[in-house]
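Novice: Quick one: structure below, then a few questions.
The values are calculated or read from the model by the stated rules, or taken from the named source; none is laboratory data. Bear in mind the structure is a predicted one, so any value in this text is a computation, not a measurement. Glycine gets a Cβ as well: all are built from the backbone with ideal geometry, and neighbour counts include every protein chain shown. Side chains are part of the model used for accessible areas, which takes the heavy atoms of the whole protein and leaves out ligands, DNA and RNA. Shrake-Rupley method; radii C 1.70, N 1.55, O 1.52, S 1.80 Å.
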Amino acid sequence: MCGIFGYINYLVERDRKYILDTLVNGLSRLEYRGYDSAGLAVDGDKKNEVLAFKEVGKVAKLKQLIEDEKPDLTKVFDSHAGIAHTRWATHGPPSRVNCHPHRSDPKWEFAVVHNGIITNYKELKTLLEGKGFKFETETDTEAIAKLAKYIYDDHPDIEFTVLAKAIIKELQGAFGLLLKSVHYPHEVVAARKGSPLVIGVRTQKKMKVDFVDVEYNEEGMALPAERASQNVAMKKSALKSHGLLAPPDKSLLHRSQSRAFLSDDGAPMPTEFFLSSDPSAIVEHTKKVLYLEDDDIAHIHEGSLNIHRLSKDDGASN
């Protein structure tokens, strides 16, 4: 099974060593799921530069690759977004080129990690090849990154969430994904449709919304995201069955079409976000999490988290 992990720090100074260690350690927490390769993408030393490390085999081999390539580990970022992935090959054999993250172009304008299967990737690939895009992998995921660039190039002033919705509209199948871009520095978009994703947050101040506590089984292990999401759905169902007189369940997050989660005073605050396909990779950092639901698009930027629900009006295009 594939695994996703992401780390975003905002107004929290972290050097590249801390960021890389956090991403690699997050992947190691997902090793039990089974995989054949691992990779990650972080910001480079120059503006609009991305450093990507991808390796076949265990996470330990990825860690060794990073050590061998000797990136500047002392460079400090007060805001940064990094994404990482463990891959179980479905489209194309295990190899560095087929390993996630995947890129939109050689300059890494867009980078994506993805769980699940895009069933219409061949059609998207044919379309994009007709537009001049050159594919370098055998994966279905690469089509997502190149589709992002194709849309962005036609609409360079587009907002990140609007771009994400346009991408999701074209995807068929089941997926959980993280998308980062040099055009939207320090930001990440996460989207879920049939493949679990969970977001954890760590702050010194209390946020306006209470995140759900991580749920544990009888052995003290964090429940998988899919099971925890089902528990949330059951709570919602129970609320409906008990009618309006039922006491409010504060562990549930009631979404509007788009909602920002900020500090009580609305001011920017130092914040760290941890994203994963499984809460077991997050619990060492925070116990406060948000389980994304199907059709949720989460946008993390400037210390805030916006949840956008893909509405029926945003449904598949022609």
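Novice: Any residue at all in region 53-60 that's in contact (Cβ under 8 Å) with a residue 60 or more places away in the chain and touching a strand residue (DSSP E or B) at 6+ places or on another chain (Cβ under 9 Å)?
Specialist: Initially, region 53-60 is screened for residues in contact (Cβ under 8 Å) with a residue 60 or more places away in the chain, giving none.
For region 53-60, residues in contact (Cβ under 8 Å) with a residue 60 or more places away in the chain and touching a strand residue (DSSP E or B) at 6+ places or on another chain (Cβ under 9 Å): absent.
Novice: If you check Leu124 against the conditions, is it at pLDDT 95 or above, aliphatic (A, V, I, L, M) and either in a strand (DSSP E or B) or surrounded by fewer than 16 Cβ atoms within 10 Å (Cβ to Cβ) (or both)? Spell out the reasoning first.
Specialist: On the way: at pLDDT 95 or above: yes; aliphatic (A, V, I, L, M): yes; either in a strand (DSSP E or B) or surrounded by fewer than 16 Cβ atoms within 10 Å (Cβ to Cβ) (or both): no.
Against the criterion (at pLDDT 95 or above, aliphatic (A, V, I, L, M) and either in a strand (DSSP E or B) or surrounded by fewer than 16 Cβ atoms within 10 Å (Cβ to Cβ) (or both)), Leu124 does not qualify.
Novice: Looking at Tyr35, is it more than 16 Å from Leu275 (Cβ to Cβ) and in a helix (DSSP H, G or I)? Please lay out each step first, then the result.
Specialist: Numbers: more than 16 Å from Leu275 (Cβ to Cβ): yes; in a helix (DSSP H, G or I): no.
Criteria not met by Tyr35.
Novice: With the structure loaded, tell me whether Leu62 is touching a Gly at 6+ places or on another chain (Cβ under 8 Å), under 24 Å from Val201 (Cα atoms), of a type in the set (A, V, I, L, M) and surrounded by 16 or more Cβ atoms within 10 Å (Cβ to Cβ) or whether it fails that test.
Specialist: Numbers: touching a Gly at 6+ places or on another chain (Cβ under 8 Å): yes; under 24 Å from Val201 (Cα atoms): no; of a type in the set (A, V, I, L, M): yes; surrounded by 16 or more Cβ atoms within 10 Å (Cβ to Cβ): yes.
Against the criterion (touching a Gly at 6+ places or on another chain (Cβ under 8 Å), under 24 Å from Val201 (Cα atoms), of a type in the set (A, V, I, L, M) and surrounded by 16 or more Cβ atoms within 10 Å (Cβ to Cβ)), Leu62 does not qualify.
Novice: For region 48-84, how many residues meet the condition of being among the basic types (Lys, Arg) and within 19 Å of Val12 (Cα to Cα)? Full working, then the answer.
Specialist: Kept after step one, since they are among the basic types (Lys, Arg), are these residues of region 48-84: 54, 58, 61, 63, 70, 75.
Checking which are within 19 Å of Val12 (Cα to Cα) leaves us with 75.
Of the residues in region 48-84, 1 are among the basic types (Lys, Arg) and within 19 Å of Val12 (Cα to Cα).
Novice: Right, something else. Residues being open to solvent by 30 Å² or more (accessible area, probe 1.4 Å) and either closer than 15 Å to Gly26 by Cα or modelled with pLDDT under 90 (or both): count how many of those fall in region 286-301. Spell out how you get there, then give the answer.
Specialist: First, pick out the residues of region 286-301 that are open to solvent by 30 Å² or more (accessible area, probe 1.4 Å): 287-288, 293-295, 301.
Filter once more, so that each one left must be either closer than 15 Å to Gly26 by Cα or modelled with pLDDT under 90 (or both): 287-288.
Total satisfying the criteria: 2.
Novice: Of everything in region 127-147, what is closer than 23 Å to Ala84 by Cα and either free of Cβ contacts under 8 Å to residues at least 40 places away in the same chain or crowded, with 21+ Cβ neighbours inside 10 Å (or both)? Give them in sequence order.
Specialist: If the condition is that a residue be closer than 23 Å to Ala84 by Cα and either free of Cβ contacts under 8 Å to residues at least 40 places away in the same chain or crowded, with 21+ Cβ neighbours inside 10 Å (or both), then Phe135, Glu136, Thr139, Asp140, Thr141, Glu142, Ala143, Ile144, Ala145, Lys146, Leu147 are the ones that fit.
Novice: Would you mind telling me which numbered condition in (1) of a type in the set (Phe, Trp, Tyr); (2) under 23 Å from Lys134 (Cα atoms); (3) open to solvent by less than 20 Å² (accessible area, probe 1.4 Å) Tyr7 fails?
Specialist: Of everything listed in (1) of a type in the set (Phe, Trp, Tyr); (2) under 23 Å from Lys134 (Cα atoms); (3) open to solvent by less than 20 Å² (accessible area, probe 1.4 Å), Tyr7 misses just condition (2).
Novice: Just to be sure I understand, how many residues within region 71-104 are exposed (fewer than 14 other Cβ atoms within 10 Å of the Cβ) and either modelled with pLDDT of 95 or more or closer than 23 Å to Ala164 by Cα (or both)?
Specialist: Counting residues in region 71-104 that are exposed (fewer than 14 other Cβ atoms within 10 Å of the Cβ) and either modelled with pLDDT of 95 or more or closer than 23 Å to Ala164 by Cα (or both) gives 4.
Novice: For the subset of region 51-70 comprising residues that are part of a strand (DSSP E or B) and touching a helix residue (DSSP H, G or I) at 6+ places or on another chain (Cβ under 6 Å), which member is nearest to Ala41 (Cα to Cα)?
Specialist: First pass over region 51-70, keeping only residues part of a strand (DSSP E or B): 51-56.
This time we only want the ones that are touching a helix residue (DSSP H, G or I) at 6+ places or on another chain (Cβ under 6 Å), so: 53, 55.
Details: Phe53: 7, Glu55: 12 Å.
Applying the filter and picking the extreme gives Phe53.
Novice: Same structure, new question: Which numbered condition in (1) exposed (fewer than 14 other Cβ atoms within 10 Å of the Cβ); (2) free of Cβ contacts under 8 Å to residues at least 24 places away in the same chain; (3) not hydrophobic (A, V, I, L, M, F, W, C) is the only one that Gly44 fails?
Specialist: Unmet for Gly44, out of (1) exposed (fewer than 14 other Cβ atoms within 10 Å of the Cβ); (2) free of Cβ contacts under 8 Å to residues at least 24 places away in the same chain; (3) not hydrophobic (A, V, I, L, M, F, W, C): (1).
Novice: Looking at region 151-164, can you tell me whether even one residue there is closer than 27 Å to Arg33 by Cβ, part of a helix (DSSP H, G or I) and open to solvent by less than 70 Å² (accessible area, probe 1.4 Å)? Working first, answer last.
Specialist: If we filter region 151-164 for residues that are closer than 27 Å to Arg33 by Cβ, which is where we start, we get 164.
Filter again for part of a helix (DSSP H, G or I), leaving 164.
Filter once more, keeping what is open to solvent by less than 70 Å² (accessible area, probe 1.4 Å): 164.
Scanning region 151-164, I find at least one residue that is closer than 27 Å to Arg33 by Cβ, part of a helix (DSSP H, G or I) and open to solvent by less than 70 Å² (accessible area, probe 1.4 Å), so the answer is yes.
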